[in-house]
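For reference, the structure discussed in these notes is given below.
The values are calculated or read from the model by the stated rules, or taken from the named source; none is laboratory data. It should be emphasised that the depicted structure is a prediction, and the values quoted were computed from it without experimental measurement. Cβ: placed from backbone, ideal geometry, glycine included. Neighbour counts: every protein chain shown. Calculation scope for accessible area: heavy atoms of the full protein, side chains included, ligands and nucleic acids excluded. Shrake-Rupley method; radii C 1.70, N 1.55, O 1.52, S 1.80 Å.
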Amino acid sequence: MRSAAAPANPFCEQVRKLRAARGWSLEQLAAASGVSRSMLSQIERGRVNPTVAVAQRIAAAFEVSLGSLVDGPDWGAPIEVIRAADRAYHFRTRNGCEIRTLSPIRLEKEVEFYELRFRPRGALKSAPHFAGTREILTVRQGTLRVTSGGEGCVLGAGDSAHYRADVPHSIENPDRAVTIAYLVVLYRPR
């Protein structure tokens, strides 16, 4: 539970402000984004953190970048810190993979940096990103199988792979232990 003195999540505030500025009801935003009204209400109140996919659907409904939705008051600060316990940077995921962004979300579509935690047999399966997108994956602990465009490899602790992310790709934990990795997503300049 957030204390009264805790700063609000910039993403939640921006969604609420943008919806109000456009004069949209929660139902209208739900129809435009494909995100349920109840989920949008919880997001706007800061009660839940959306998955990256949900956040991107909301941004697409407003026809803005995901980064513009988190342009908070610290924009341009000399030092930006993302605390390990800051739940605004943790995203719920399915299939046994937890994602925590380690870079300011406002840099989205330039470069993204994530910590990934895979439960045993957990997976992160992705549709193609923008043309020219590449990913760099480094395993800190455990083993991961990476597949990109139909080809695959297995990485152990300390190994790193660089691969296309503009084709279907996936990262899977084949082991019975937790695996931790770091992922950098590089978008081709437009």
State the percentage of accessible surface on the chain attributable to carbon and sulfur atoms; use a 1.4 Å probe and exclude ligands, DNA and RNA.
52
Give the Cα extents of the chain along the principal axes, in whole Å, largest first.
49, 35, 34
The stretch 137-190 - charge dipole about Cα centre, Lys and Arg +1 at Cβ, Asp and Glu -1, debye rounded to 20:
180
For residue 102, placing the label point 7 angstrom along Cα-to-beta-carbon and taking the stretch 167-190, residues whose amide nitrogen sits under 16 Å are 179-186
Roll a 1.4 Å probe over the protein chains and send me the accessible area per residue for the chain in Å².
56
Along the Cα-to-Cβ line of residue 27, 7 Å from the Cα, sits a label point; which residues in the stretch 36-63 have backbone N less than 16 Å from it?
36-41
Given charges of +1 on the Cβ of Lys and Arg and -1 on the Cβ of Asp and Glu, with all other atoms neutral, how large is the dipole of the chain about its Cα centre, in debye to the nearest 20?
540
Counting only residues 5 or more apart in sequence or on a different chain, those whose built amide H sits under 5 Å from that of residue 96 are 123
Near residue 171, within a Cβ-to-Cβ distance under 11 Å, what is the net charge of the other residues, with Lys and Arg +1 and Asp and Glu -1?
0
Cβ-based charge dipole, the chain, positive-most Cα from 184, 90, 160:
90
Against the longest principal axis of the chain, how steep is helix 10-22, in degrees 0 to 90 to the nearest 10, with axes from Cα atoms?
50
Work out Dmax and Rg for the stretch 147-190 from the C-alpha atoms and quote the Rg first, both in angstrom.
12.0, 41
Separation between the residue 157 and residue 63 pseudo-spin-labels, each 7 Å from Cα along Cα→Cβ, expressed in nm?
5.1
